[in-house]
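Since the structure comes first, as structure tokens, the remarks are kept for the end.
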Amino acid sequence: MRKLKRVMVLALTLAVVLSFSACGSFEMSIMKGAKKMQELESLHMDMTMDAGFNIGVMGQEIPIDVKATNSADVQTNPQRLLMEMEAEVMGEKQTIHLYVEQNGDKYTMADSFDGTNWVLDDTFSMDVSKFADMIDPKASVAVLAKYGSAFEKAGTENIMGYDTVRYDGVISSDDLMELADLLSIEELAGMGIDISEEELAELKNALKGPYNVPCSIWLESKSGMIIRYDIDLTEMMGIIIATALAEEIVGTEAEALGIEIKVNNMKVSTVFSQFDEIGEIQRPVF
């Protein structure tokens, strides 16, 4: 199932990068807000992911529910991130704490299961310059501009004390593929994803679709800064997983057993807050 895992990693990476980039492309107010966020020295981020799957074997289906939450403080100079992640799968919970900091042109990461005893992750490798280039909104504007106008104002809402304007839109598989075509082996390596040219070609093929990714983005009324964005990956991941799994199990015992994976739902919501209120993130001892 190695290829299937890589497909899911790349698909989620593209969707999250695309949602970040889209925040700064479909209106001047959003571009202004994205610029302001780039100038922040710190912020807090809360992300939740809710997913539901059915795994079928010989006509029988097993439901699996997954919920993950990330709560992170982010500092820009020097770049540091302190995150607590909790995942719940079929009622079983596991928590892990992560610390990431920039050292020259590389990142260093340490993890902890209790937030007290930290261990350096020697296997982690991420190139700062390549990752920064990948998520630079300016590099994505040309791709996103042609469909960014599909986002329409959907109302106003107060989120965590911020008065916001909500915009809804849909990103198609064709749009997502345009972003995927910008990816290279070097850029993925910079994000810690080790992959060959052949594997990357196979993964891009699995991303073709057709599918849609509904998105909602909430902007702070005065500054235009991004307060929240939601993305619905249900249709995208359902098609991608079905395609990749079919290729993975062909001619194997799994094919004879009729194994299939159905994605019932997969939604990600991210909220930003505490702009320039975090202060300096303290480096844990490891």
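Bear in mind that the values in this text are calculations on the coordinates, not laboratory data. Just so we're clear, the structure is a prediction, and the values are computed from it rather than from any experiment. Neighbour counts are summed over all protein chains in view; Cβ atoms, including those assigned to glycine, are modelled from backbone coordinates with ideal geometry.
With r as the distance between the Cβ atoms of ASP174 and ASN54 and R0 = 41 Å, compute the FRET efficiency 1/(1 + (r/R0)^6) and round to 0.05.
With a Förster radius of 41 Å, E is 0.90.
Would you mind checking the pairs LYS36/LYS93; LYS93/LYS267; LYS93/LYS204; LYS67/LYS222; LYS106/LYS262; LYS153/LYS267 and listing those with alpha carbons more than 29 angstrom apart?
Details: LYS36/LYS93 37 Å; LYS93/LYS267 19 Å; LYS93/LYS204 33 Å; LYS67/LYS222 33 Å; LYS106/LYS262 38 Å; LYS153/LYS267 21 Å.
With Cα atoms farther than 29 Å apart: LYS36/LYS93; LYS93/LYS204; LYS67/LYS222; LYS106/LYS262.
Please give the net charge around GLU88, taking every other residue with its beta carbon less than 11 angstrom from that of GLU88, where Lys and Arg add +1 and Asp and Glu add -1.
Details: positive: LYS67, LYS93; negative: ASP50, ASP65, GLU86, GLU92.
So the surrounding residues net to -2.
Working ranking of peptides 59-71, 40-52 by packing, defined as the average number of other Cβ atoms within 10 Å per residue, highest first, is 40-52, 59-71. A crude spin-label estimate for the pair ASN117 and SER269, with each label 7 Å from Cα along the Cβ direction, gives 3.6 nm.
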